[in-house]
Amino acid sequence: MKKIILLIFVLCGSVSLFAQSRKMTLKGECSPTRNGEKLYLLQGSEVPCDSAVVEKGKFEFPLKGIQPEEVVIVRVNKDGKQESVLLYLDYCDTYLKLSEETYNLYNTNFIKCTISGNPTDSVVREINDIFLGGTTWLEKPDIAIEKLRAAAKRHDLASAYALRKYNQFVFEHGLASEVKESLEQMSPTVKMSAAGRELQEHYNRYVRLAPGAIAPDFALNTPGGELLSLHEYIKGKKLVLIDFWASWCAPCRKEGENVKAIYEDYHAKGFDVLGVSLDTKLEAWKKAIEEDGITWGQISDLKGWKTPLTKLYDFLGIPCLYLVDGDGHIVAKDIRGEKLREIVAEFCK
């Protein structure tokens, strides 16, 4: 055990020293009319982690203690509004030419600029253009898939950035094997970067909740106060829909109409539903159950979004639907409408 711990310590130490030995600079130029102005560097927070002052139309960030990460460079215009540049740092010499022109995207004013010396940023920026520049990825997902597949084959920091940022799209479109291979081929430095570690976490969650995996068990109270567990509920049934919903969620209750119709058609053939409410008020939950004519099982911890189930089942929005078989294996997730009916019909013939 001591040898294993020592090996881990040596590995982490060598990676840290290797990262420190690599050079990372961030500098650039802008209009000399901005001399004396301050530029700020933000990293996952509204609080700046670094800054630079424009002198003779030039600027350079110290980057002391800063590791490669997705960052935002911010300046304040004459109207007091923020203008930004989204950037992906790596161990290289990144050089920016900031123009005075801006464009608005997602209620953010972005600075038109050119970036040189940073191939990692170029790769991720090209993928961002597909997802953030319009509806191309919705209309032609194959373009986005191929770009992400190509990024995955790099096995570098650009891979980690891109696959982490668009992980939901990646896993929904069958690129899990590409993520696995990329993680296996990444250098220790990339694996231990913030993007690398978070991508590994995303992959681990995907595997844990992928079709074929055993659905994590949990037990909560019914509206009547009785404790009911998922694994007990599904025993002896062909297929069970876990429906994460809430009385205040209009889309949930709309989808609930579809679920109710499917339940009525296939309950006698082995299909069942377990509603898991994200309500916080017992009476509101009970009222919705009565109004919607729900007759299947219902449970909740009445903690709303503070429930640990959001992490256990990895969802940020509702309705969130999981289909599991009688042995607890996940069959499908986030399936709605006619597709949900098709799967239930196939299982419960």
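Coordinate-derived values only; no laboratory data. Predicted model only: the values in this text are computed from it and were never measured. Backbone-built Cβ (ideal geometry, glycine too); neighbour counts: all protein chains shown.
Some points to look at:
- The ASP79 and GLU126 beta-carbon pair, evaluated with R₀ = 35 Å, returns a calculated FRET efficiency of approximately 0.65.
- About the Cα centre, charge dipole magnitude for segment 219-347 (Lys/Arg +1, Asp/Glu -1 at Cβ), debye: 260
- Positive-end residue, the chain charge dipole about Cα centroid, Cβ charges, pick of SER122, VAL344, ILE318: SER122
- Net length gained if the chain between ILE214 and TYR95 were fully extended (0.36 nm per residue, minus Cα distance): 38.0 nm
- Label-point gap, in nm, between GLU29 and LEU316 - each point 7 angstrom along Cα→Cβ: 3.9
- Simple point charges give the picture: +1 on the Cβ of Lys and Arg, -1 on the Cβ of Asp and Glu, and for the chain a dipole about the Cα centre of about 980 debye.
- Between the listed residues GLY270, LEU26, THR222, the Cα displaced farthest toward the positive end of the dipole of the chain, a dipole computed from Cβ unit charges relative to the Cα centre, is found at LEU26.
- Three semi-axes of the equivalent ellipsoid, segment 219-347, Cα gyration tensor, whole Å, largest first: 21, 16, 15
- FRET E, pair LEU42, ARG197, Förster distance 30 Å, beta-carbon r, rounded to 0.05: 0.90
- Tilt relative to the chain, helix 282-291 - C-alpha long axis, 0 to 90 degrees, to 10: 60
- Rounded to the nearest 20 debye, the dipole magnitude of segment 164-239 is 40 debye, with +1 charges on Lys and Arg beta carbons, -1 on Asp and Glu beta carbons, and the Cα centre as origin.
- Under-5 Å amide H pairs with PHE218, H placed in peptide plane, nonlocal only: LEU230, HIS231
- Once C-alpha pairs closer than 8 Å and six or more residues apart are averaged by separation and normalised to the residue number of segment 31-91, the relative contact order reads 29 percent.
- Segment 110-162: trypsin sites (Lys or Arg not before Pro) in DSSP loop, at most 13 other beta carbons within 10 Å: LYS153
- Nonlocal amide H pairs with LYS112, under 5 Å, H built at 1.01 Å: SER99, GLU101, THR102, TYR103
- Quotient of C-alpha Rg and 2.2 N^0.38 Å, computed over segment 63-150: 1.21
- Farthest towards the positive end of the charge dipole of segment 72-192, among the residues ILE143, SER177, CYS113, is the Cα of CYS113, using unit charges on the Cβ of Lys, Arg, Asp and Glu.
- For the pair LYS112 and LYS153 in one chain, pulling the backbone fully straight at 0.36 nm per residue adds 11.8 nm over the alpha carbon distance.
- Those GluC sites (Glu not before Pro) in segment 56-163 that DSSP places in a loop and that have at most 16 other beta carbons within 10 Å: none
- Residue pairs exceeding 23 angstrom between C-alpha atoms, taken from LYS237/LYS303; LYS58/LYS112; LYS180/LYS311: LYS237/LYS303.
- Each label point was placed 7 Å from the Cα along the Cα-to-Cβ direction; for LYS140 and ARG336 their separation is 2.7 nm.
- Reach of LYS64 by Cα under 24 Å, taken over lysines that are not fewer than 8 positions away in the same chain: LYS23, LYS27, LYS38, LYS56, LYS97, LYS191
- Binned Cα-Cα distances of segment 212-280, short to long, each 10 Å bin given as a whole percent: 17, 47, 35, 1
- Beta-bridge orientation, the chain: approximately 70 percent antiparallel, per DSSP, counting only bridges with both partners inside.
- With one equal scatterer per alpha carbon and no solvent term, the Debye-computed log10 I(q)/I(0) for segment 18-117 at 0.12, 0.15 1/Å reads -0.37, -0.58.
- Take the convex hull of the alpha carbons in the chain; its mean projected area over all directions comes to 22.5 nm².
- For segment 122-208, the Stokes-Einstein estimate of translational diffusion at 25 °C and a viscosity of 0.890 mPa s comes to 194 µm²/s, using the Kirkwood hydrodynamic radius over alpha-carbon pairs.
- Ellipticity estimate at 222 nm from DSSP helix runs (n ≥ 4, -39,500 (n - 2.57)) divided over the chain, nearest 500: -12000 deg cm²/dmol
- Remark: segment 92-104, residue by residue, has Karplus-estimated 3J(HN,Hα) of 6, 9, 8, 10, 10, 10, 8, 8, 8, 7, 9, 9, 9 Hz, where x stands for each Gly or Pro and the curve is 6.51 cos²θ - 1.76 cosθ + 1.60 at θ = phi - 60°.
- Here the contact order of the chain, divided by its residue count and restricted to Cα pairs under 8 Å and six or more residues apart, works out to 11 percent.
- Scanning residues 5 or more positions from CYS49 or on other chains, those with amide H under 5 Å from its amide H are LEU41, LEU42, GLN43, with H placed 1.01 Å from N in the peptide plane.
- Charge tally for GLY133 (other residues, Cβ to Cβ under 13 Å; Lys, Arg +1; Asp, Glu -1): 0.
- Label reach from TRP305 (point 7 Å along Cα→C-beta): in segment 127-168, no amide nitrogen lies under 12 Å.
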